[in-house]
Amino acid sequence: MGGSEEYTANEVFELFSPFIQDFIYSHGWSELREMQISAAKTIFRTDNDLLLTSGTASGKTEAALFPILSQFYEDPPTSVGALYIAPLKSLINDQYQRVGELLSMTGINVTYWHGDVAQSHKAKLLKKPSGILQITPESLEAMLMRRSADLVRLFCDLRYIIIDEIHTLTGTDRGNQVICQITRLSRMIGHSPRRIGLSATVGNAVLAADWLTGGDDRECDIPTEAKRPVKWRLGVEHFYIASEKTLPSGVHEVRKSPSLGDMEPDASQLPASIDPGYEYIYDCTKDMRALVFSNSREETEYVCATLRQIAKNRREDDVFYIHHGNLSASIREEAEAVLKDEERRAVLCATTTMELGIDISRLERIVQNGSPISVSSFLQRLGRSGRRGEPPEMMVVLREDNPPPNTPLPQLIPWELLRAIAIIQLYIEERFIEPPPVRKMPFSLLFQQTLSMLYSSGELTPKELADRILSLPPFEFIGREDYRTLLISMIKNDFIEMTDEGGLIVGIKGERLTAGFRFYAVFKDAEDFTVRCESGEVGTITKAPPIGERFALAGRVWEVEELDIPHKLIYVKPVGGKMEIAWPGELGEIHTKILARMYRVLAEDTVYPYLKDGAAARLDAARSTARATGMLDFPLISLGGMSYCFFPWLGTRSFRTLRRYISKKSGEYKISGIEYEGSCYITFRMERGSAEALYRNIKTDFIRGVDPADLVGQNETPAFDKYDDYVPSELLRKAYIAEKLRTDEIKERAENDFKII
């Protein structure tokens, strides 16, 4: 059959090996899916790479494995034949069980390999490499470093590299580490295996394919599926957070119905001290097999503890489990096992660790605690339910402090509710999913890969090292002068050492750093930083924000004044306002399209059918406030006296850029007290000039062109990534300007008088 020839389902079925056909029959599959037919065409009849992007539970894993295993059955590889890379241990454990069932009678081996796997299991592969190896990026890094002399024997006949859930990897140091690993391994074995990427939520398939094929000359096929109407069971409800102070003594809160239909309200009553939003979540999951997602580890812990408390108060069974990345393997695996058992009613409280493709059988409902953080995350979480022909089902539950009458304007707007609606509408209306970001200057990864390369290869001349490292796809935008700056710094700080012959080897500090297993990961380890205000200790957080950034802790908001990284100390001052979450780095970036759609949610009169009574009423009140105050007509609003608020409706990078620009103008306009909430608004006091003059200045400057470099101080050291503390400040500033700031969107808005098109 020719490469352009269309396949029918029957023709593809006949190409599969008998054991694959038996597997399909035994599982009662009535037909092959469109994506599986397209994948088989590419794998069987071309030498192309392949990107499979289709919804959760659409059979992507089988689409990749069925043709590959059929080929292996007919022509067994003489080493590991396929490398399956996944971002989570739990995903690898799950796929190991699924693939093991498929291969049980074939003689094709499957091995899983990560930090929790017994050495005896790994030893079998080392003794006789064959079949499929399932591995995390960190374990693959360890293999490249510690077993470099054995890699050719292990992978000489490697034919395929499958990367699962690539949307979690594109545009991140961890994902770029994977591309470095694949490129290095291909060079060692002398050929480039075909690459297959899998994901349910890719916003821009072309950009994702460019990332997947980095350093590979093959074309990449991207099969498309016919667009089908969105069919969801979806509800969004809003609550004001109640407490004993907000309810009269002896009065109990009556809960609203948690159904997505017309179920009668549950008339049972609870003490007023129990949060009505959490009570609603409890009732949403009552007698169901469900997942409750939260946006942070801390909120996940808290909601799980609260649901257990409610069960105790009601004298009902505690069926609540928890799952996040900081738990032990045994606790995570117990939770997964319980949820896979269809005979048990269980509710699992989880973070992003359960977004990915772990097969957890039939789930009746997803509850999202708080707004989804992105369209991609929303779709991943929604897709965990609704398998076996049923539509996906999710209830989004939003909680908010009831604002007192003197609350300033920007805090009267329910930003989380707006974001949730905007995310839902963007997908319904446009099928929009955030495109993968592109990192142009990943200096933290560059530092790590430099040490990894020297550790595995031994002494290299500076030119040999630069040639090998800078030719890795993630470093294509980094020039030799910048790399020279990094190498000189690494030599001065004893991470690498120059020999008498002029070669480079791992230095004393580098040996210490590479000796531990934590070196293999390019994401930051969980580490506690002590937060101090003057002489008092506030508490601890797990990540050090840059100077000037803010975070919440102990019920207050703090601004970072000084960092003592070696001693893990953060010095702060208290500031006003409130933060959406307590731990920096959890939410990531928000796309400008989401902010623009949030504006339209406020501006339009649309009635969204999925809003429950509380959410609909809260939106109506917010729309009335927005229209009455004029915040929809002009972005810079007076809050009274010398206080002002700017509503730019811009995503994270552009918002950050505008905030820095206003700070730069602080001397000219005597601006002080700059406050901000996510990417929603900026408030400040202005004692000189007028709002109109500042607004004209913003428009004029950005239309003419603002240089982002002018917005970053010469003494700033913006460290975000794991090894940034070892990277020269001038390189970190250059990366910050390139990757964290952007002026083009502000210029476009300024040219349109900041109107939302």
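The values are calculated or read from the model by the stated rules, or taken from the named source; none is laboratory data. These numbers come from a predicted model, not from an experiment. Cβ: placed from backbone, ideal geometry, glycine included. Neighbour counts: every protein chain shown. In case anyone asks, the SASA skips ligands and DNA or RNA and just uses the protein heavy atoms, side chains included. Shrake-Rupley method; radii C 1.70, N 1.55, O 1.52, S 1.80 Å.
With charges only on Cβ, +1 for K and R and -1 for D and E, what is the dipole size of the chain about its Cα centre, in debye, rounded to 20?
On the way: 92 positive and 109 negative charges, 151 e Å.
It works out to roughly 720 debye.
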What ranking do 224-233, 429-438 get when scored by the average of other Cβ atoms within 10 Å per residue, highest first? 429-438, 224-233
Give the lysines whose C-alpha is closer than 26 Å to that of LYS665, dropping any in the same chain fewer than 8 places away, or say none. LYS573, LYS578, LYS699, LYS734, LYS740, LYS747, LYS755
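Averaged per residue, what accessible surface does the chain expose to a 1.4 Å probe, in Å²?
Values: 32160 Å² over 757 residues.
Heavy-atom SASA per residue in the chain reads 42 Å².
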Point-to-point label distance, GLU74-ARG187, nm (Cα→Cβ direction, 7 Å offset): 3.5 nm
Need the list of lysines near LYS568 for cross-linking: C-alpha distance under 21 angstrom, and skip anything on the same chain fewer than eight residues off. LYS509, LYS524, LYS543, LYS722
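Take every DSSP beta bridge whose two residues both sit in the chain, then give the antiparallel share in percent to the nearest 5.
Details: 33 of 83 bridges.
The antiparallel fraction comes to roughly 40 percent.
Nearest 500 deg cm²/dmol is fine: what mean residue ellipticity at 222 nm does the chain get from its DSSP H runs of n ≥ 4 alone, each adding -39,500 (n - 2.57), divided by its residue count? Write down the numbers at each step before the final one.
On the way: 26 runs with 295 residues, N = 757.
Only helices count here, giving -12000 deg cm²/dmol.
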Normalise the Debye intensity by I(0) for the chain, one equal point scatterer per Cα, no solvent, then take log10 at q = 0.06, 0.10 Å⁻¹ and round to two decimals. -0.40, -1.15
How do 628-637, 653-662, 309-318, 150-159 rank on mean C-beta neighbours within 10 Å, highest first? 653-662, 150-159, 628-637, 309-318
Could you calculate the contour length gain from ARG218 to ALA515, that is, 0.36 nm times the residue separation minus the distance between their Cα atoms, to one decimal place in nm? 103.2 nm
Modelled FRET efficiency - R0 22 Å, PHE523 with SER729, Cβ distances, 0.05 increments: 0.50
Please report the relative contact order for the chain, taking Cα pairs under 8 Å with a sequence separation of at least 6, and give it as a percent rounded to a whole number. 11 percent
Label points 7 Å out from Cα along the Cβ direction at THR625 and GLU101: separation in nm? 5.0 nm
Less than 21 Å apart at the alpha-carbon level, and either on another chain or at least 8 residues along: which lysines does that give for LYS124? LYS89
Residue separation times 0.36 nm, minus the C-alpha to C-alpha distance between LEU207 and GLU716: what's the value? 180.1 nm
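If I stretch the segment between THR499 and GLU400 completely, what's the gain in nm (0.36 nm per residue apart, minus their alpha carbon distance), one decimal?
Difference between extended and current length: 29.5 nm.
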